[in-house]
Amino acid sequence: MGEAIVITSGKGGVGKTTTSANIGTALALQGKKVCLVDTDIGLRNLDVVMGLENRIIYDLVDVVDGRCKIHQALVKDKRFDGLLYLLPAAQTVDKNAVTVDQMKKLMDELKQDYDYIIIDCPAGIEQGYKNAVAGADKAIVVTTPEVSAVRDADRIIGLLEKEKHMEAPKLIVNRIRNHMMKNGDMLDLDEITEHLSIGLIGIVADDDEVIRASNHGEPIALNPNSKASIAYRNIARRILGESIPLQPLEEANKGMFGRIKKFFGVR
Amino acid sequence: MKKRQNVTIKGTKDGLVLRLDDSCSYDELKRELDQKLSANTRTQDERHLISVKLEVGNRYVTEEQRDELKELIRQKKNLVVDDIVSNVITREEADQLRAENEVVTVSKIIRSGQILRVPGDLLLIGDVNPGGTVIAGGNIFVMGALKGIAHAGCYGNDQAVIAASSMKPSQLMINEVRNQAPDIIPVDEKHEMECAYIDEDHQIKIDRLQVLIQLRPDLTRLEGGH
């Protein structure tokens, strides 16, 4: 019996879909059987980030309405040997096409076959959010070091705490720009974690590579050299129960010279 | 058989007291009250009003009955009911009274969009985040940081206070008085262990916690002792 983890944030544009794609990818790289579920019905894009858009035949709404079997709708990612699947969102209907009970039933079915189900939640706190959360066992809240994102994360955490069937949510701080945090132009990590007072499961630095990879339909987690990739891989390992210290943000900013020095073991 | 007196009139140093028996029926009581007071009217010609106190013993008088009694007595020219004292209250009133005098302890973080409301005093072990609201009929004590909205004395208590370990609210309200945070708060100001209260000018004032010892001695609930 697997577990379902919902990736949510309240605010849009903080990186829920990217985070879902990369955590899913990183878990599959660890040898787990993973199913990504896009619940952003009407505005699907997890399939695009994963590069699976062209292979969609059926979608989530088709499944819950009984027009097809689950396995017909699941899109297999060929880069992984039967370890990673995507259940895409419908594009032609809206979020009210699915009910909370249907989602619960769907998740229970998926949990039989997969180790992890990563649910990409839509922005907002309406029906789409309720559907995404209904079948989840755990939640990861994504925020960026901006006041507005943290405010919405706070709201979402408040709502998640009311869900009795779920464990306490964990936090990912995404798109960290180290120089801005240092200058005090962005909220710093301590400020965010103190404010939200939930456990931090990972930090991801702002990295141009993430956008480039998304646009190519290749999650950054597949590229072992990028710092964002390492961050996502670390998050996946923390989900698996390993205890891995947070990556220092400093190191990422040392540049070429720093890397050479590190290569030669100079401190 | 000697008829018992259902209404006795007594003069005390605080004024006239009408003692109404609590074992007879209400109608009987009304009738006798009417008779007794009518008998007295002829001797009273003075203009000024005499206030009387009604003691009804172990009888519960409803709001309607209170009005009726007041009206009945008021008709007797220069008597006016000052107060009606009863030994009994309803269970509902008792519960309400208890709730309003209780300190409710809550251990959680009040997050954006959440509202916590208690009838009495609130002792919050945790923070009130921006966008979160706490409302209390009595005082509000926040053990953590108050960064959202706090409204104390919401049923009309001017004496209520708000205290917090870190006082950085976005808005404060005590009874009907509202106080908004300045738009720019210097980051380095700590605002630790502070309280808010309504001062003589009817404005909310924020000061160090210790001023409450002088300003609101009633906060001490401990009886006796030293």
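Just so you know, all these numbers are worked out from the coordinates, no wet-lab data involved. These numbers come from a predicted model, not from an experiment. Methodologically, a virtual Cβ is constructed for each residue, glycine included, from the backbone with ideal geometry; neighbour enumeration extends over all protein chains shown.
About the Cα centre of the protein assembly as shown, what is the dipole size in debye to 20, counting +1 per Lys and Arg Cβ and -1 per Asp and Glu Cβ, all else neutral? Working shown, then result.
Values: 66 positive and 75 negative charges, 144 e Å.
Taking the Cα centre of the protein assembly as shown as origin, the dipole is about 700 debye.
Pairs on different chains or at least eight residues apart, Cα atoms closer than 18 Å: how many lysine pairs in the range B:7-85 fit?
Going through the range B:7-85 pair by pair, I get 17.
Using R₀ = 22 Å, calculate the FRET efficiency as 1/(1 + (r/R₀)^6) where r is the Cβ-Cβ separation of B:Gln5 and B:Asn87; round to 0.05.
Calculated transfer efficiency: 0.70.
Nothing charged except the Cβ atoms of Lys and Arg (+1) and of Asp and Glu (-1): what's the magnitude of the dipole of chain A about its Cα centre? Round to the nearest 20 debye.
With Lys and Arg at +1 and Asp and Glu at -1, about 720 debye.
Hey, in the GNM for chain A with a 10 angstrom Cα cutoff, which one of A:Arg175, A:Arg79, A:Arg44 fluctuates hardest?
Among A:Arg175, A:Arg79, A:Arg44, the largest mean-square fluctuation in the Gaussian network model of chain A belongs to A:Arg79.
Starting from the Cα of A:Val93, step 7 Å along the direction of its Cβ; do the same at B:Asp34; then give the gap between the two resulting points in nm.
Placing both labels 7 Å beyond Cα along the Cβ direction yields 7.3 nm.
I'd like the distance separating the alpha-carbon centroids of the range B:114-188 and the range A:102-172, in whole Å.
The range B:114-188 and the range A:102-172 have Cα centres spaced 30 Å from each other.
Nearest 20 debye, what's the magnitude of the dipole of the range B:99-219 about its Cα centre given +1 on Lys and Arg Cβ and -1 on Asp and Glu Cβ? Numbers along the way, then the final one.
Working: 10 positive and 16 negative charges, 100 e Å.
Here the size comes out at about 480 debye.
For chain B, modelled as a GNM with alpha-carbon contacts under 10 angstrom, which of B:Pro169, B:Pro130, B:Pro182 fluctuates the most?
Greatest mean-square fluctuation among the candidates belongs to B:Pro182.
Could you give each residue of the range A:151-168 its phi-based ³J(HN,Hα) in whole Hz, using Karplus coefficients 6.51, -1.76, 1.60 with θ = phi - 60°, and x for Gly or Pro?
In residue order, the calculated couplings are 4, 5, 4, 4, 4, 4, 4, x, 5, 5, 5, 7, 6, 5, 7, 10, 6, 4 Hz.
To make sure I understand, if each residue's beta carbon is the centre and we count other beta carbons within 10 Å, what order do B:Lys205, A:Lys111 fall in, fewest to most?
Ranking B:Lys205, A:Lys111 by Cβ neighbours within 10 Å, fewest first, gives B:Lys205, A:Lys111.
List every residue whose amide H lies under 5 Å from the amide H of B:Leu16, counting only residues 5 or more places away in sequence or on a different chain, with H placed 1.01 Å from N in the peptide plane.
Correct list: B:Lys53.
Reachable aspartates and glutamates from B:Lys190, Cα under 18 Å, same-chain residues fewer than 8 places away excluded?
A:Asp188, A:Asp190, A:Glu191, A:Glu194, B:Asp127, B:Asp207
Taking amide H atoms as placed 1.01 Å from N in the peptide plane, list the residues 5 or more away in sequence, or in a different chain, whose amide H sits under 5 Å from that of A:Tyr114.
A:Gly2
So which of A:Lys104/B:Lys108; A:Lys33/A:Lys69; A:Lys69/A:Lys162; A:Lys111/A:Lys170 end up more than 23 Å apart, counting from Cα to Cα?
Violating the 23 Å Cα-Cα cut-off are A:Lys104/B:Lys108; A:Lys69/A:Lys162.
For A:Val37, what residues show an amide H to amide H distance below 5 Å, using hydrogens built from the backbone and excluding near sequence neighbours?
Correct list: A:Leu87, A:Ile118, A:Ile119, A:Asp120.
I'd like to know which of A:Ser9, A:Val173, A:Gly241 lies farthest towards the positive end of the charge dipole of the range A:3-263, counting +1 on Cβ of Lys and Arg and -1 on Cβ of Asp and Glu.
My answer, from the dipole projection, is A:Gly241.
Set the Förster radius R0 to 22 Å, insert the Cβ-Cβ distance between A:Glu209 and A:Asn54 as r into 1/(1 + (r/R0)^6), and round the FRET efficiency to 0.05.
Once rounded, the FRET efficiency stands at 0.40.
What distance in nm lies between label points placed 7 Å from Cα along the C-beta direction at B:Lys13 and B:Asn78?
2.5
Who wins for biggest fluctuation among B:Asn129, B:Asn87, B:Asn101 in a Gaussian network model of chain B, springs between alpha carbons below 10 Å?
Comparing B:Asn129, B:Asn87, B:Asn101 in a Gaussian network model of chain B, the most mobile one is B:Asn87.
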